[in-house]
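Here the structure is laid out as C-alpha cells; the discussion comes afterwards.
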Amino acid sequence: MQLIGEGTYGSVWLARAPNGTRVALKKIRKEKKEGFPITAIREIKILKALRHPNIVQLRDVVSSHVPGREGDVFMVFEFCDHDLTGLLESKVPLSDALCKYYLKAILEGLYHLHSRGILHRDIKGANILVSNNGDVRIADMGLARNVSKGGYTNRVVTLWYRAPELLWGASDYDAKIDMWSVGCLFAELLTRGTVLFPGKNTELDQLNQIYAVCGTPDEQSVPGLSKYKCFQQFTPAPKKRVLRQLFASQKSHAAVDLLDKLLCLNPAERLSAEQALDHEYFFEEPLPIQPHQHPNFQGNCHEYGSKQRRRGGGGPPGGGGGGGGAGGRDNRPQQQQQQMPGPYDRINVVPHSLGGGGGFQQLAGAAPAAAAPYAAQPHGHGYGAPSNPPGPQSGLLPYPSSFSQQQGGGGYQQQQQRGPQHGGGGGGGGGPRRYH
C-alpha cells in the first residue's frame with residue numbers, strides 16, 4: 001500500500017479491493033484518551049445519508065485484525081485519478097469549457113448538500129476529486145455537519161478559502177461560507193492556479209488580503225458587522241473594492257460577474273449554490289463539456305504528491321493531456337518516500353456493511369472470522385488531504401462511472417434543460433437541480 005494523503009484527522013492509502021478495483025483507505029486517527037473520534041462518527045453518518053454524482057462515495061468501513069494492529073479502522077472510498085489543486089499545479093491545459101464544467105459540478109454537489117441541511121466547511125481544490133472519465137466529486141466530510149441553531153466553531157475551512165465572517169468570529173454562519181470558498185476556487189480556475197487570497201498563516205493577514213481586493217467593510221455594507229469581536233479588535237485602513245478590475249482581462253464578463261457575487265463580503269448578499277447555477281455564465285458559449293468529453297490526463301495529479309515533490313526536490317509534476325511525464329509520481333529516492341509499516345504491506349481487513357445500518361456498531365465487537373485482503377498497490381501519487389467522500393453502498397462493488405446508470409436513466413442528460421427539476425427525495429432520485 002502507498003501513502004497518498006495525510007492530515008489532522010487521518011491518513012489515506014491507495015490499495016486494491018478484493019475485486020481488483022483501486023480504492024482509497026482512510027485510516028481513522030484515534031485519540032489515546034477518548035477512543036474513536038466523534039468527528040469520524042459524524043462523518044460516517046453524513047456519508048451514509050448522501051448519494052449524488054458529484055459527491056464522492058463511501059464504499060465501506062473496515063477494521064484490521066493484523067496481529068499488533070487489531071482495531072485499526074479504515075473508511076473505504078472510490079479512488080479518483082486527480083484532485084483540482086493537483087491539476088492546476090501540474091499546469092495541464094484546461095480549457096474554459098472544462099473549467100466551467102468543474103465549477104458547475106462543484107455547485108451541483110453543494111446544492112445537494114445544502115438542500116439537505118449539511119455544511120461542508122472545507123471546500124478547496126484538494127477536496128475536489130477528478131477522474132479521467134469525467135467524474136467530479138466533492139470529498140472530505142471531516143468538518144461537515146448538519147445545520148442547527150448556531151453555536152458552531154469558526155475554526156473551520158482552510159485559511160485561504162475561509163469566509164470573512166469566520167475570520168470576524170461568527171458562530172451563527174450558514175451555507176454561504178461554502179460559497180465564499182467556491183468563489184476562491186473559481187478565481188483559481190479563471191487564472192489557472194493563482195491563489196486569490198494567500199494569507200501568511202494568520203487570520204489578520206488573511207483579512208488584509210481580502211480587504212485589498214474586496215474593499216474594507218463597514219456597518220452600511222455589512223449590517224451587524226460591529227457585533228463581531230474580532231472585527232472590533234482590528235480597524236483596517238479604508239480600501240475600495242477592485243475585484244472586477246483585477247479580472248478585467250477575462251473574456252467572459254459573466255464569469256467576472258459570477259465571481260464578484262460569490263465573493264461578496266456580506267453573506268446575506270452572497271449567491272447560494274442554487275442561484276449560482278442559474279447564473280448567465282453557465283448558459284453562454286463555451287458551454288460546459290459533457291462528461292464523455294473529459295480529457296484523459298496522463299499520470300495522477302494530486303496536491304499531496306505536489307507537496308512531496310516540492311519538499312524532496314523532485315521537480316515539477318509532469319503529465320497532461322497527451323504529454324509525457326510522471327503525473328503525480330514521487331520521484332524522490334526510495335528511502336525518502338513514505339511507506340506503510342511492514343504489517344500493512346498486505347492488510348487483512350474485516351468489512352462492515354453500510355447497507356443495513358448496523359455495520360458500524362460491529363466495529364466495537366470482536367472481529368469476524370472472514371477477512372478480505374487489500375493488496376499492495378505499487379503507485380506513487382498523492383491523493384490530497386484525507387478525503388471523506390459520501391454515498392453509501394454495501395460491499396466493495398465497482399462504482400459506475402456514469403450517474404445515469406445507477407439512477408435509472410436520468411443522469412447528466414437531464415442537464416440540457418435550464419431551470420430546476422424537482423423530483424422525489426430519498427437516496428438519489430431526481431432531487432438535485434439539473435441544468436445543461
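FYI, it's all coordinate maths here, none of it is from the lab. Please read these numbers as outputs of a predicted model, since none were measured by experiment. Please note: Cβ atoms are built from the backbone with ideal geometry, for glycine as well, and neighbour counts cover all protein chains shown.
A protection proxy built from the mean count of other Cβ atoms within 10 Å ranks the segments 288-294, 184-190, most packed first, as 184-190, 288-294.
One chain, two ends: K200 and V147. Fully extended at 0.36 nm per residue, the span grows by 16.0 nm beyond their Cα-Cα distance.
When Rg and the Kirkwood Rh are both derived from Cα coordinates, the Rg/Rh ratio for region 1-114 amounts to 1.01.
What the phi angles of region 80-97 give under the Karplus curve with 6.51, -1.76 and 1.60, with θ = phi - 60°, is a coupling list of 10, 5, 9, 10, 5, 5, x, 5, 5, 6, 7, 6, 5, x, 10, 6, 4, 5 Hz, glycine and proline written as x. Here region 240-301 and region 169-183 have alpha carbon centers that stand 18 Å from each other. Normalised by 2.2 N^0.38 Å, where N is the number of residues, the alpha-carbon radius of gyration of region 158-250 equals 1.07. Please work out the C-alpha center-to-center distance from region 13-59 to region 125-143 and express it in whole Å. Cα centres, region 13-59 to region 125-143: 14 Å.
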